[in-house]
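*Asks:* Can you keep this structure in mind? I'll have questions shortly.
Every number in this text was worked out from the coordinates using simple rules, so none of it is lab data. What you see is a predicted model; the values in this text were computed from it and never measured. Here Cβ is always computed from backbone atoms with ideal geometry, including for glycine, and neighbour counts include all displayed protein chains.
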């Protein structure tokens, strides 16, 4: 898959919108909370993708990739959205050729998103 090199790990516009939303509802930790929810929800989806690939289950791959794509979009993880979209399309077509490579790229990008979110929120864990 040729990933657009201009896609950011985290989209600053989405992050700014999350920060504005947090201020508007007097919840200054909203960004940190959203990223924590993303982290907690992402781990089972990654496991589901892995299991779907290992069990040759394109529907499971499609479903988990779709859910991860949606949650990635909510936090502005643009590169992860693109990778999940590509994997979702494979699963939808019932094809898993190339899925393992996409999954490896998704894992790498997921880790990059978490690292960037920790820097952003000041969470050193």
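*Asks:* Based on this model, can you work out whether residue 122 counts as farther than 25 Å from residue 4 by Cα, surrounded by 16 or more Cβ atoms within 10 Å (Cβ to Cβ) and more than 16 Å from the chain's Cα centre (by Cα)?
*Replies:* no
*Asks:* On to the next question. Can you spot a residue in region 87-94 that is farther than 28 Å from residue 13 by Cβ and buried (at least 19 other Cβ atoms within 10 Å of the Cβ)?
*Replies:* Taking every residue of region 87-94 in turn, at least one turns out to be farther than 28 Å from residue 13 by Cβ and buried (at least 19 other Cβ atoms within 10 Å of the Cβ).
*Asks:* Does at least one position in region 53-64 carry a residue that is out of contact with any strand residue (DSSP E or B) (no Cβ under 7 Å at 6 or more places or on another chain) and within 20 Å of residue 7 (Cβ to Cβ)?
*Replies:* For region 53-64, residues out of contact with any strand residue (DSSP E or B) (no Cβ under 7 Å at 6 or more places or on another chain) and within 20 Å of residue 7 (Cβ to Cβ): absent.
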